[in-house]
Amino acid sequence: MPKPPRTPQEVEAFRENILAHAVELISVKGFEGFSMRKLSARLGIAAKTIYNYYTNKDELYLAILTKGFNRLHRQCEKARDSRDEPLDRIEAMVSAFLDFGLNESNAYNLMFTWHVPKYNDYVGSDMEPAALLELQAALKIVDLFADAIGACASPGFFIQEEDSRKVLISIFTRLHGFIASYNNTLLQYMHSSPMDLVPDMREEIREDFLRRMERIQLPERSLSTA
């Protein structure tokens with residue numbers, strides 16, 4: 001007697017299980033060493049079963065990235081909405097980004113650290129639409145932070161989008177340096193308790209942020225004279 005078809009909930013759970021195991025396998029084998037055959041062996045299922053859900057290795061990989069960026073966006077957005085003051089919102093978002101990078105290290109490394117294909121690598125291929133969805137999910141996080149930075153302008157002042165993005169890059173590179181160094185255990189060789197450095201890093205980000213705000217804020221009247 002044939003098995004009854006999976007319910008929509010079971011299908012989604014199975015897809016999520018495929019992605020979770022794929023991330024772990026890529027973390028061990030690297031993107032080039034990853035294959036649907038190796039993934040099927042890890043899952044104990046036939047490779048053709050995976051192909052029922054994902055057309056090929058690249059579609060599966062892009063699905064991992066898209067879900068990862070969407071998850072990170074939700075966490076940062078939730079952190080932002082948990083605070084009322086603009087500066088407090090930035091600090092909460094920084095903490096959410098840091099927590100994601102440390103607690104979901106395999107996904108984070110795939111999203112930000114490892115040398116893996118990016119959108120431009122798929123332009124002109126059948127995977128370009130899926131790659132565009134992944135890129136848009138990543139850029140939503142950039143926009144979320146840039147908007148939050150812009151909202152920190154003092155009354156009667158504004159911050160140009162270009163300057164907001166420069167501040168964002170400064171915050172990101174500091175956070176990414178810590179996360180990447182922690183995830184690859186480099187920091188553990190440099191300090192006996194790397195996580196003890198986090199409060200100081202957050203304070204340094206805050207102080208640098210405030211200094212930058214003083215320099216980049218422009219009076220709103222300059223809009224009418226531009």
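The figures follow:
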read-out	value
Folded to 0 to 90 degrees: helix 161-183 orientation relative to the chain principal axis, Cα	50
Helix axis angle, 128-150 relative to the chain longest principal axis, alpha carbon, degrees	20
Neighbour net charge for LYS140 - beta-carbon separation under 12 angstrom, K R +1, D E -1	-2
FRET efficiency, GLU32 to GLU207 (Cβ-Cβ, R0 41 Å, nearest 0.05)	0.45
Solvent-accessible heavy-atom area per residue, rounded to whole Å², over the range 1-117 at 1.4 Å	54
Protection-proxy order for peptides 110-121, 93-104, each taking the mean of Cβ atoms within 10 Å per residue, highest first	93-104, 110-121
Contour minus Cα-Cα distance for ILE45 and GLU85 (0.36 nm per residue)	9.3 nm
Sorted largest first, extent of the chain alpha carbons per principal axis (Å)	74, 48, 32
Contour excess over end-to-end distance, with Cα ends at ARG174 and LEU186 and 0.36 nm allotted per residue	2.8 nm
Computed [θ] at 222 nm, helices only, for the chain once each DSSP H run of length n ≥ 4 contributes -39500 (n - 2.57)	-23500 deg cm²/dmol
0 to 90° range, to nearest 10: angle between helix 57-81 axis and the chain longest Cα axis	40
Extension gain from GLU10 to ASN52, taking 0.36 nm per residue of separation minus the Cα-Cα distance	13.7 nm
Cα shape, the range 90-187, gyration tensor, a/c 1.5 rule	oblate
Net charge of neighbours whose Cβ lies under 15 Å from the Cβ of SER35, counting Lys and Arg as +1 and Asp and Glu as -1	+2
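The values are calculated or read from the model by the stated rules, or taken from the named source; none is laboratory data. As the structure is a computational prediction, the values presented were derived from the model and not from experiment. Neighbour counts are summed over all protein chains in view; Cβ atoms, including those assigned to glycine, are modelled from backbone coordinates with ideal geometry. The protein model used for the area step is the full one, side chains on, heavy atoms only, and it has no ligands, DNA or RNA in it. Shrake-Rupley method; radii C 1.70, N 1.55, O 1.52, S 1.80 Å.
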